[in-house]
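Asker: Okay, here's the structure, questions in a sec.
The values are calculated or read from the model by the stated rules, or taken from the named source; none is laboratory data. All values derive from a computational prediction rather than experimental measurement. All Cβ positions, glycine included, derive from the backbone under ideal geometry; neighbour counts span all protein chains shown.
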Amino acid sequence: MNKLITKLPKSLAAFLAFVFTLVFTTITYAGDAPSAGNIAEGQKIFKANCAACHSLGANKVVGPGLQGVIDRVPSQDWMLSWIKNNNALRKSGDAYANKVFTDNNGAAMTVFDGQLTDDQIKNVIAFLAHPPAPETAGGGDQGAKTGSAQTAENSNDEHPGMILLLIIGVLFIIIVVLRTVRRSLLSLSNEKKGLPPLEDIGLWKETVKWIKTHKVHFAVINIFVVVVFVVYGWEYLWGINVTPGYQPSQPINFRHDIHAGKNGIACIYCHSGAEKGKVAGIPTLNVCMNCHRGIQGSNPEFQKEIAKIYDAVGWDPNKADYTNPKHPIKWNRVHALPDFAYFNHSQHVSVGKLDCKNCHGDVATFTTDKQFATLTMGWCLDCHRATPVHMDGNGYYTKLHDVLMKQDSTRKITEADMGGLECGKCHY
Amino acid sequence: MANQKKYWKGLEELHESPSFVKSRDKEFAKEVPIEEFLGRESITTNNTSRRDFLKYLGFTVAAASLAACEAPVVKTIPYVIKPEEVTPGIDNWYASTFFNGEDYCSVLIKTRDGRPIKIEGNANSTVTKGAANARVHASVLSLYDNFRLKAPHAQGKPSTWDTVDKEIGAKLASAAAKGEGAKGNIAILSSTIISPSTNKIIAGFIEKYPTAKHVTYDAVSCSGMRKANELYFGKATIPSYSFDKANVIVSIAADFLTNWISPIEYAKQYGEGRRLSKEKQEMSRHIQFESIMSVTGANADMRVPIKPSEEGAVALGLHNAIAKLAGTATAGSGATPYDALISKVAAELWANKGKSLVVASANDISVQSVVNMINKNLGNYGATINIDRECKLRQGNDEEVAALVKDMKDGKVEVLITYNTNPAYTASAALGFKEAYAKVPCKVSLSSTHDETALSADYNCPDNHYLESWNDANPYSGAFSLAQPAISPLFCKPRNEGTRSAQETLLKWSGSDNTDHYSFIQNHWKKELLPEQSDEGGDYQFINLWNTTLQSGIFEKTSEIVAGTAGNETNAPSLSDAATKIAAAAKGGIEVVFYQKTSMGSGIQANNPWLQELPDPISKVTWDNYITMNPAEMKDKGFSLLEEDNHVASVATLKVNGSTIELPVFPQPGQARGTVGVALGYGRTSAGKVAAGNDGKGIGANVFPWIQWTNNTFQYYAAGAEITSANKTYEIGATQTHNTMIGRPIIKEATLEEYKKDHGARNEKEQIKTLDGMKDLKDVNLWDDYDKKSPVNLTNNAGNLGLRWKMAVDLNSCIGCGSCVVSCSAENNVPVVGKDEVILVREMHWIRIDRYYSTDLTMKKAEEDDMTMSNRQYGMMLPSADNPEVAFQPVMCQHCNHAPCETVCPVIATSHGSEGINQMVYNRCVGTKYCANNCPYKVRRFNWFNYYRDEKFLNINPAQESNDLGRMVLNPDVVVRSRGVMEKCSFCLQRIQGGKLKAKMESRTIKDGDIKPACAQSCPTDALVFGNVNDPDSRVAKLIEDERMYLLIADLDTQPNVFYMTKIRNNEKAILE
């Protein structure tokens, strides 16, 4: 071993030295520049607050696209004061600020002073300075493909009974064919031996005869058939009204893959009830109009769908005003729990800190929404059994957490331990 | 010595009649009515054969299983533009004010997705202090009443506001021109108005039409008291009372806990005065003189049955006895059969000078003058009575009403506007209102329904419901509150039709430029109320103050809130004059008392099924009006005592002044002999489908016409009545003997004296007799102790970190008012089942209030009287049907830790949660009813029907699928139960879960009082206390340590999570042995 090291060529040693230097310099450099954590934090804040109006590309959504924005603005400090309060900045007579304002047809940006701290805004700026590599154009399609592949697999899973029937059918044909062959051969041999020809009693009678002579075989077959029926029947009954993959058509062909996937809009932006209460909520049209006042669609297909929003909300794009009659959109519900099961989004999203994906799947790859989970009670309880309670930093659990950690700091407290399997937690 | 007293709920139980015993011992008191089902015409005329039936059955099964394969498509429709304050699934609460002309209550309104679904008391209020009664809780349902008018009507036909305004405007103008300045040819007749802005609007109306006048008319009036105070203090007023500050309370027929003037406020005060704790070992003593058994009388420590004609004499006797002690003048002979008692009461009052309170309900100037003198002698003015803080809740002036009706008869009134009053129904026959009303050429009604008065009006200008309106209120001088709409008017489209607030209507007719009531109130407050509070600051400060007021619901004008003085007699009235008038009170024959029921009041909400189904606190009768009579007298007259079949009553004909009504007779222990009682508020002929009853003619009979006109005031009794049998029977839907506990020791009570010596007096812990002698229950227990197990289900020594819910029920505080029952129905979507089903013992209330009577015969006394053992046993149950003591006991699911119901469920539909709650899973229940059978407390309720779908309940059940309006009241957090499942109290699990979630979201632990089930929340006397017993600072953890704590039927060792506190009576002597 030692020999090996000594035998290392000098060039390699030099290379290693180079790598070390590189690593160290990078670390030193990182002291000045935003850390990966800051950038990630910034990305989160961006998604929640900015993504609705600004894309990371060059295209304009409501506000200008932010590709290379940090290089374009006078300074990062300027950027900070702009985000904090662009009104004040414009009033102070800042030339660039007023130029941005007029360039964008005088559409004022939200004032974030009070909503975001300076540090948070700095994180956003850090994120803008280090934007993620642009997605490949086919990202959305890829997602769609995976989706359809999954559906295909599902359809295979759903029809094992068909295969079984097919096998049985084939076997039956083989039996009939073999019987005919056997009979022909027997007749031939009888003819040769001079015996009387085989009496043709028909398939049914022969089967009955066979059953009478092969009682054990018949019993075994029967048991097999009954077992198969019971097993599949049971499975089938459990599957009634369990509809994962249910993807009804919708009055507007709303593309989650574009909104949540390509544009990266946070789920909470539209389904804002999820953090607050029982219902996540389907966004009302004023939420749509936050962006779609400006975005009318890049191709005729999209334009047609977006026009449906305008129609429902009474927006006249020519007058740019809500002058037409309004009417609600009747969506087809995808996730419909029965009335007797109480489910509260905020308990899971705000308290449990669960990702929407846990129950709704990777919606960013769906077109219109579809049911991802089975939504059966067993599915709920499986998760309650496995998921640790999110106790950190929640004053509700502090005392309990401390006592339990003192007893056994390695233990995982699941929802089930907290009584999450009890009937009364969801049924009342 | 344990309490040996016998308790019984009804005479049939007392006499152990065979049919009672039979029904008591059965799981379900009535047979399942197969005949009723098979007897349906559709079934007998149906020619479906058995074979067809099987075919259909087979097809249905196949079709159903096929149909089940595909999930139905559910639509979901979001708002087009979401209102900013509405988030689907999250409650919004608004502070508002309830005042319907009778009850005042500052309230909080819970709205969900824009619909008001629950009313609760507003704890900010200095008047009602967070309390509310059954009528207030039920008022949310009246918003969704289909009987409400949905458009203005002219001559009985739907019209538009433009037309109606124009026509009425013309009539008003011509009347004003004709009147030549003399008052009276235009009149506004209204109930008491406590809204300052409405009064100003009416003043504006009178300014516009100078011949107009405003007359206030109360269906149940306090005019006599106002007059008496005018004589005595120079101001027609009603003072404010402090029942909490009084050590001795004497009430002469005033049912101040549920009906008299401001019952919600008084009940709260009374509860405070009666509360006992380690810190406060004194409670008030309450003496009640009355004819009927009222809720207030039932709570009294001493109750004296008197005839209504004797109320004055009792007051005078009391005055004379006290005057002797005080050394002031006496008058009249004052000889009553109760003189000995009265002098004793007088001595007690005298001993508590300045700390006592005497009230009387008689609407009579003389009686009220005498009561004033009593209180004056006792120095109660400035102590328990504040004569300078005016109570504005009853402003009716009987004389003015009579004068107006006379004017109407004489044809002097050309336009009559009735607002929030229904005199065609409530007026005494002596007034002759109906005839007079017919003579008015232009009758305008602002009523929101086609009630009896509105029905014959020329114009109906329907008012909004109070939950749809802006309003303000000034119940006491200095105390103000605001009412704000919690929903847009339901019937408002198109704007020219629909309903419109009465104030807006009057503003319009007054020719005001701005008819918006909201801005009118705001301007009025800005000018009249708030300048005093804010000299500087201008608009900004006003808006601030306005918003704060709107948020808290109340506003106190400190300059008008004055400490009570001893009262300046401007003009001492003549005592001898009063004595003469009192002596002349009408008496003789059978005296009929007209009283108000806790549920129905004066019948304003007669179309409210929640109130109709609320069992009367005393009689436990639902959906009916009846004659209450002393059982001993009933026996003499040969009326059924409801012993044999406990719901078939005899019908009697009651004759007063030549007119007769027929009503069933109900035996009422404690009813004064020689008197009968009939409730007001029934016999509504035009109040809607609920009030119409099964026969469509209106439930019960209307006795308002029998109100007498004496000494220029309305008297709420009539003498010289005759009662004869109508030789008919009538089925009464009473819950009285349902779910009986068969005389087991379930109420424990002691006297105050005993309590002071030993807090655990008469509360011995139950023991079990074993071979080794008497043993504590815990030593012979077969079961695992649930309480010892960790509530968090983690490790056995996680200690008491988890939650363990328990409820304390203080029998000393419970006044039996039924507020909790209605509140529970509203919170938990409890179905209304109707009278027929109540008769079949299928009422669905999750909480019931058992009312027990007891007697004053004691073991000791029986021994002294040398009674035989069997006579003693029987006698102890028997004699005081004349004057029993009463105890109330709310019973809901006891959430037993060793629940008998849980062990017998074959499908585990009921199970125990780690927080101590007995859970019921409706979707799992298959309806075997084993659990109900095994429940010793009889708190489980079986759904015999799809109450929300079955046409039988179409008119009464608000949750009917076909009734989109009624369904709006449903609480979306609680399931509407289906047929065939058992249901019961859940401790309001939805509130517990909601409270926990709120705490988690706010990153804090649960504070005591955060979570309250609907019953505990709505209890006006805080008799129900709910909390986490693992939190040592919680009230419930302290109460469970109290010596008065006991468990219901503890000897079964079911270990309930509901516990009771002994009732303490402020009696002089122990009568319990």
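Asker: Just for the stretch B:906-952: of the residues that are in contact with a Phe, Trp or Tyr (Cβ under 6 Å, 6 or more places away or on another chain) and either charged (D, E, K, R) or at positive phi (or both), which one is nearest to the other protein chains (Cβ to nearest Cβ)?
Answerer: B:Glu915
Asker: Which one is nearest to A:Asp321 (Cα to Cα), of the residues in the stretch A:249-308 that are more than 14 Å from chain B (Cβ to nearest Cβ) and acidic (Asp, Glu)?
Answerer: This residue is A:Glu305.
Asker: On the basis of being surrounded by fewer than 21 Cβ atoms within 10 Å (Cβ to Cβ) and either in the same structural domain as B:Asn607 (by TED's automatic domain parsing) or closer than 20 Å to B:Gln522 by Cα (or both), does B:Ser477 make the cut?
Answerer: So B:Ser477 passes the test.
Asker: Consider A:Asp408 against the criteria (1) more than 7 Å from chain B (Cβ to nearest Cβ); (2) in contact (Cβ under 8 Å) with a residue 12 or more places away in the chain; (3) farther than 30 Å from B:Val981 by Cβ: it satisfies all of them except one. Which criterion is unmet?
Answerer: Unmet condition: (2).
Asker: Taking the stretch B:699-719, which residues are crowded, with 22+ Cβ neighbours inside 10 Å and in contact with a Gly (Cβ under 6 Å, 6 or more places away or on another chain)?
Answerer: Result: B:Ile699, B:Gly700, B:Thr713.
Asker: Additional query: Considering the stretch B:145-191 alone, what residues qualify as being among the hydroxyl-bearing types (Ser, Thr, Tyr) and surrounded by fewer than 21 Cβ atoms within 10 Å (Cβ to Cβ)?
Answerer: Hits for the stretch B:145-191 are B:Ser159, B:Thr160, B:Thr163, B:Ser174.
Asker: How many residues are within 29 Å of the chain's Cα centre (by Cα), under 30 Å from B:Ala170 (Cα atoms), hydroxyl-bearing (Ser, Thr, Tyr) and surrounded by fewer than 24 Cβ atoms within 10 Å (Cβ to Cβ) when one looks only at the stretch B:206-262?
Answerer: 1
Residues checked against (1) facing chain A (nearest Cβ under 9 Å); (2) buried (at least 19 other Cβ atoms within 10 Å of the Cβ):
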{"site": "B:Asp964", "(1), (2)": "no, no"}
{"site": "B:Arg967", "(1), (2)": "no, no"}
{"site": "B:Gln990", "(1), (2)": "yes, yes"}
{"site": "B:Lys998", "(1), (2)": "no, no"}
{"site": "B:Ile1006", "(1), (2)": "yes, yes"}
{"site": "B:Gly1009", "(1), (2)": "no, no"}
{"site": "B:Lys1012", "(1), (2)": "no, yes"}
{"site": "B:Ala1016", "(1), (2)": "no, yes"}
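Asker: Are any of the residues in the stretch B:575-591 in a loop (DSSP other than H, G, I, E, B), aliphatic (A, V, I, L, M) and more than 30 Å from B:Asn320 (Cα to Cα)?
Answerer: So far as the stretch B:575-591 goes, no, none of its residues is in a loop (DSSP other than H, G, I, E, B), aliphatic (A, V, I, L, M) and more than 30 Å from B:Asn320 (Cα to Cα).
Asker: Then there is this: If A:Trp379 satisfies all but one of (1) part of a loop (DSSP other than H, G, I, E, B); (2) away from chain B (no Cβ under 14 Å), what's the number of the condition it fails?
Answerer: (1)
Asker: Okay, moving on. Taking the condition small (Gly, Ala, Ser), assigned to a helix (DSSP H, G or I), away from every other protein chain (no Cβ under 12 Å) and surrounded by fewer than 23 Cβ atoms within 10 Å (Cβ to Cβ), does B:Ala1037 pass?
Answerer: Yes; evaluated as a whole, the condition is true for this residue.
Asker: Can you tell which of A:Lys370, A:Lys353 is closer than 30 Å to B:Thr1005 by Cα and either buried (at least 17 other Cβ atoms within 10 Å of the Cβ) or more than 10 Å from chain B (Cβ to nearest Cβ) (or both)?
Answerer: Only one candidate qualifies: A:Lys353.
Asker: Moving on to the next point. Is it true that B:Gly588 is over 31 Å from the mean Cα position of the chain (by Cα) and on the phi > 0 side of the Ramachandran plot?
Answerer: Numbers: over 31 Å from the mean Cα position of the chain (by Cα): yes; on the phi > 0 side of the Ramachandran plot: yes.
The answer is yes for B:Gly588.
Asker: Condition test on B:Glu348, is it closer than 25 Å to B:Gly816 by Cα and out of contact with any Ser or Thr (no Cβ under 7 Å at 6 or more places or on another chain)?
Answerer: No; evaluated as a whole, the condition is false for this residue.
Asker: Looking at the stretch A:370-388 only, could you name the residues that are aliphatic (A, V, I, L, M), touching a residue at least 40 places away in the same chain (Cβ under 8 Å) and out of contact with any Phe, Trp or Tyr (no Cβ under 7 Å at 6 or more places or on another chain)? It would help to see each step written out before you state the result.
Answerer: Restricting attention to the stretch A:370-388, the residues satisfying the condition of being aliphatic (A, V, I, L, M) are A:373, A:375, A:377, A:381, A:386.
Still in the running and touching a residue at least 40 places away in the same chain (Cβ under 8 Å): A:373, A:375, A:381.
A:Leu375, A:Leu381 - these are the residues of the stretch A:370-388 that are aliphatic (A, V, I, L, M), touching a residue at least 40 places away in the same chain (Cβ under 8 Å) and out of contact with any Phe, Trp or Tyr (no Cβ under 7 Å at 6 or more places or on another chain).
Asker: Also, I was wondering about something else. State all residues of the stretch B:1015-1033 that are of a type in the set (S, T, N, Q) and under 23 Å from B:Gln269 (Cα atoms); if no residue qualifies, say none.
Answerer: Correct list: B:Gln1017, B:Ser1018, B:Thr1021.
The rows are residues; the columns are (1) under 21 Å from A:His271 (Cβ atoms); (2) free of Cβ contacts under 8 Å to residues at least 12 places away in the same chain; (3) among the aliphatic types (A, V, I, L, M); (4) outside any helix (DSSP H, G or I).
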| site | (1), (2), (3), (4) |
| --- | --- |
| A:Gly297 | no, yes, no, yes |
| A:Lys304 | no, yes, no, no |
| A:Lys326 | no, no, no, yes |
| A:Ile329 | yes, no, yes, yes |
| A:Thr368 | yes, no, no, yes |
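Asker: Which of the following residues is surrounded by fewer than 14 Cβ atoms within 10 Å (Cβ to Cβ), of a type outside the set (D, E, K, R), free of Cβ contacts under 8 Å to residues at least 24 places away in the same chain and farther than 30 Å from A:Val287 by Cβ: A:Tyr236, A:Tyr232? Working first, answer last.
Answerer: Working: A:Tyr232 fails: free of Cβ contacts under 8 Å to residues at least 24 places away in the same chain.
Unique residue meeting the criteria: A:Tyr236.
Asker: Checking the condition in contact with a Leu (Cβ under 8 Å, 6 or more places away or on another chain) and either more than 10 Å from chain A (Cβ to nearest Cβ) or crowded, with 19+ Cβ neighbours inside 10 Å (or both), which residue from B:Arg135, B:Arg112 passes?
Answerer: Within the list B:Arg135, B:Arg112, the selection yields B:Arg135.
Asker: Now for a separate question. What single numbered condition from (1) surrounded by fewer than 20 Cβ atoms within 10 Å (Cβ to Cβ); (2) under 30 Å from B:Ala761 (Cβ atoms); (3) more than 14 Å from chain A (Cβ to nearest Cβ) fails to hold for B:Asp1031?
Answerer: (3)
Asker: OK, next. For B:Ser456, are the conditions met, namely being surrounded by 21 or more Cβ atoms within 10 Å (Cβ to Cβ) and polar (S, T, N, Q)?
Answerer: Here the answer is no, as B:Ser456 does not meet what is asked.
Asker: I've got another one for you. Quick check: is even one residue across the stretch B:469-483 more than 20 Å from B:Ile194 (Cα to Cα), of a type outside the set (S, T, N, Q) and within 32 Å of the chain's Cα centre (by Cα)?
Answerer: For the stretch B:469-483, residues more than 20 Å from B:Ile194 (Cα to Cα), of a type outside the set (S, T, N, Q) and within 32 Å of the chain's Cα centre (by Cα): absent.
Asker: Given the conditions (1) farther than 18 Å from B:Gln671 by Cα; (2) free of Cβ contacts under 8 Å to residues at least 60 places away in the same chain; (3) not in a loop (DSSP other than H, G, I, E, B), and given that B:Thr328 satisfies all but one, which numbered condition is not satisfied?
Answerer: Of the numbered conditions (1) farther than 18 Å from B:Gln671 by Cα; (2) free of Cβ contacts under 8 Å to residues at least 60 places away in the same chain; (3) not in a loop (DSSP other than H, G, I, E, B), the odd one out for B:Thr328 is (3).
Asker: Within the stretch B:73-98, track down each residue that is more than 7 Å from chain A (Cβ to nearest Cβ), touching a strand residue (DSSP E or B) at 6+ places or on another chain (Cβ under 8 Å) and not hydroxyl-bearing (Ser, Thr, Tyr).
Answerer: Hits for the stretch B:73-98 are B:Glu85, B:Val86, B:Asp91, B:Asn92, B:Trp93, B:Ala95, B:Phe98.
Asker: Quick check, is A:His348 within 11 Å of another protein chain (Cβ to nearest Cβ) and modelled with pLDDT of 90 or more?
Answerer: Values: within 11 Å of another protein chain (Cβ to nearest Cβ): yes; modelled with pLDDT of 90 or more: yes.
It is true that A:His348 is within 11 Å of another protein chain (Cβ to nearest Cβ) and modelled with pLDDT of 90 or more.
Asker: Can you tell me which of B:Ala176, B:Ala170, B:Ala154 is at pLDDT below 90, assigned by TED's automatic domain parsing to the domain that holds B:Asp410 and among the hydrophobic types (A, V, I, L, M, F, W, C)? Steps first, answer last, please.
Answerer: Values: B:Ala170 fails: at pLDDT below 90; B:Ala154 fails: at pLDDT below 90.
Among B:Ala176, B:Ala170, B:Ala154, only B:Ala176 is at pLDDT below 90, assigned by TED's automatic domain parsing to the domain that holds B:Asp410 and among the hydrophobic types (A, V, I, L, M, F, W, C).
Listed here are the residues, each with its yes/no results for (1) under 22 Å from B:Pro667 (Cβ atoms); (2) charged (D, E, K, R); (3) surrounded by 24 or more Cβ atoms within 10 Å (Cβ to Cβ).
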residue: B:Lys581; (1), (2), (3): no, yes, no
residue: B:Ser599; (1), (2), (3): yes, no, yes
residue: B:Gln605; (1), (2), (3): no, no, yes
residue: B:Leu611; (1), (2), (3): no, no, yes
residue: B:Ile627; (1), (2), (3): yes, no, yes
residue: B:Phe639; (1), (2), (3): yes, no, no
